[in-house]
Every structure is written in structure tokens, then in C-alpha cells.
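The values are calculated or read from the model by the stated rules, or taken from the named source; none is laboratory data. Keep in mind it's a predicted model, so treat the numbers as computed, not measured. Please note: Cβ atoms are built from the backbone with ideal geometry, for glycine as well, and neighbour counts cover all protein chains shown.
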Amino acid sequence: MALFSSSTRSIPETGDVPRHIAIIMDGNGRWAKKRFLPRIAGHKRGVDALRHTVKACTELGVEYLTLFAFSSENWRRPAEEVTFLMQLFMLVLEHEISKLHNNNIRLKVIGDRSRFDAKLIDMIERAESVTQSNTGLTLTIAANYGGRWDLIQATHSMLAANPGRALTFQEADLEPYLSTSYAPEPDLFIRTGGEQRISNFLLWQLAYAELYFTDTLWPDFNTLALKRAIKSFQQRERRFGRTSEQLQKNA
Ligand code: IPE
Ligand code: IPE
Ligand code: MG
């Protein structure tokens, strides 16, 4: 026990707060079901949790927050749920954008927009352009996003720009074309709702994120739950392939 505590004491703290947090906001449907409400009631309450999380991240000094709102696989859901989610997305954009802007938040939306309505695409473009010069939190919403889609679109774009590279390109050649190229890789990944899987979220970018899973359903996620996740992150030793001894020598 003594050995354990002395070695944990010397673990370098990887910065107080993660620079980039990525979250799979899961459990809206189950939150509603527990209350005998329709699933869409869970999605509505999920927006409140989103608002609280954005505020908490701003206050804690997190620089990038990336939220999975709709996966490329979520089209498989009942049509009325998909329609509701798209409408909710538009409503949130419409209502929140001026608040985000007033709070110096830069909004980004990643994912394949080709299946979205023209109106939604237009709203996304406007929201991004209004907030593009803001210097506070960068809030990214992943909508119709899939990690595999991202890798394919990045490869296509990279090869279109560098046709001669097909057989020689390296990791660093691809990175500028990933949809998150403006952000560092996530330090902390959180998934609410109890499932322990990535569900085709940021496959490349999560290579060295610290993973944190909680049973808390997304509508119940709050500042305290976020702080718990950050605390767990702060107790991890990020070795990036090195040994613990190497890290301590360089500390
Ligand atoms: C996450 O909650 C929100 C979206 C995927 C849009 P779910 O809707 O997946 O909730 P559960 O997993 O059914 O509880
Ligand atoms: C992942 O949640 C996608 C989002 C939270 C947007 P799902 O609830 O769709 O994930 P699976 O299908 O259960 O893995
Ligand atoms: Mg789910």
C-alpha cells in the first residue's frame, strides 16, 4: 500500500484540466423510458445537459469540447425519431447561436452534411461563420458523423490535393484533412449511458485519449459528473508508449 501511494504521488499530472474533451452523449432514450415518456422527451432533456456541459467546460477552461449528437448509423432509427432529432438540431442552432456567440464560443459542425436539408446546411454554415473568430471554447457538434467516414473523406481530399502521394503518404499527410484538423486530439473521452464502446466516433483522433465510461444517463449529466470524469483523468498516467520510469525522469 505504501509503495502504491508513493508511486501514485509521483505521477505527473497531465495538466490540470484536459484541453480537449470528447463526449458520446448516450442514454436519452433510457432516461425517458424510465419515466414512461416518449424517447423524444429524453432528447429534449439532453439539450439541457448539453447547455450545462458547455457552460461548465467554459468555466473550467477546457479549450475544445466535441459532442457526438448523431451518428452515421443513427439513420437506422425510426423515421419519426430521426426527423425529431433533425428538427431539434435546427431549433437549438436557432436559439443558442447568439448565446454561444456572446460567450465567445466558436462553433464547428463535423460530419457528412450531404443528407441534411438545405435549410439545416444553411443554418450550420451561418452559425459557423458568425462564431468563427471567437477565441473561447471551441464547441464541435458531430452530426451525421462516423469515424470511418472521416478517414475516407480525409483520404479522398488528401489524394485530390496530392495525386502523387497515393503510395507514399504518411500519418502527418492525412491529419490536415481530418474533419477535426483545427483541434488537438481529445485528451479525455467520456461516454454516458453505461455502454462501453466507441460507436464509430473519432476513431483516429481517440488513439491516445483517456477513456471514461459512466452509467449516468446523458440528461442527468451535470457539472459534478463532469468534474468526476476530469478527476479520474487527472489520476491517470499518460505514457504514450513510454515507461513510467522514463516519464518520472523527465518530470
Ligand atoms: C443518445 O441517446 C442520443 C442519440 C443517439 C441521438 P440514445 O437515444 O441513444 O439513448 P438510449 O441509448 O436509447 O438510451
Ligand atoms: C452513439 O450512440 C451516437 C450518439 C450518441 C450520437 P448510440 O446510442 O447510437 O450508439 P449505439 O448504436 O448504441 O452503439
Ligand atoms: Mg444510445
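For the range 170-193, a residue qualifies if it is over 14 Å from GLY147 (Cβ atoms), of a type in the set (A, V, I, L, M) and part of a loop (DSSP other than H, G, I, E, B), and exactly one does: ALA183.
So which residues in the range 232-251 are among the hydrophobic types (A, V, I, L, M, F, W, C) and assigned to a loop (DSSP other than H, G, I, E, B), if there are any at all?
Kept after step one, since they are among the hydrophobic types (A, V, I, L, M, F, W, C), are these residues of the range 232-251: 233, 240, 247, 251.
Correct list: PHE240, ALA251.
The residues listed here are LEU178, LEU167; of these, the one that is more than 16 Å from ligand 2 (Cβ to nearest atom) and over 18 Å from the mean Cα position of the chain (by Cα) is LEU167.
If I ask for residues that are aliphatic (A, V, I, L, M), more than 22 Å from HIS101 (Cβ to Cβ) and within 14 Å of ligand 2 (Cβ to nearest atom), which ones from the range 27-62 would you list? Hit for the range 27-62 is ALA32, nothing else. The condition (being at pLDDT 95 or above, within 22 Å of THR138 (Cβ to Cβ) and not basic (Lys, Arg)) is satisfied by just one residue among GLY29, GLY46: GLY46.
Within this structure, LEU120 fails the test of being surrounded by fewer than 17 Cβ atoms within 10 Å (Cβ to Cβ) and part of a helix (DSSP H, G or I).
Within the range 217-229, can one find any residue that is touching a strand residue (DSSP E or B) at 6+ places or on another chain (Cβ under 7 Å), at pLDDT 95 or above and surrounded by 15 or more Cβ atoms within 10 Å (Cβ to Cβ)? For the range 217-229, residues touching a strand residue (DSSP E or B) at 6+ places or on another chain (Cβ under 7 Å), at pLDDT 95 or above and surrounded by 15 or more Cβ atoms within 10 Å (Cβ to Cβ): present. The set of residues in the range 24-77 being aromatic (Phe, Trp, Tyr), more than 8 Å from ligand 1 (Cβ to nearest atom) and under 22 Å from ARG197 (Cα atoms) consists of TYR64, TRP75. Scanning the range 205-251 for residues that are more than 28 Å from TYR145 (Cβ to Cβ) and under 16 Å from the mean Cα position of the chain (by Cα) turns up nothing.
Cβ-Cβ distances below 7 Å connect the following pairs, each with a first residue in the range 17-44 that is on the phi < 0 side of the Ramachandran plot and in a loop (DSSP other than H, G, I, E, B), a second residue that is within 16 Å of ligand 2 (Cβ to nearest atom) and charged (D, E, K, R), and a separation of six or more residues or different chains: ASP26/ARG191; ASP26/GLU195.
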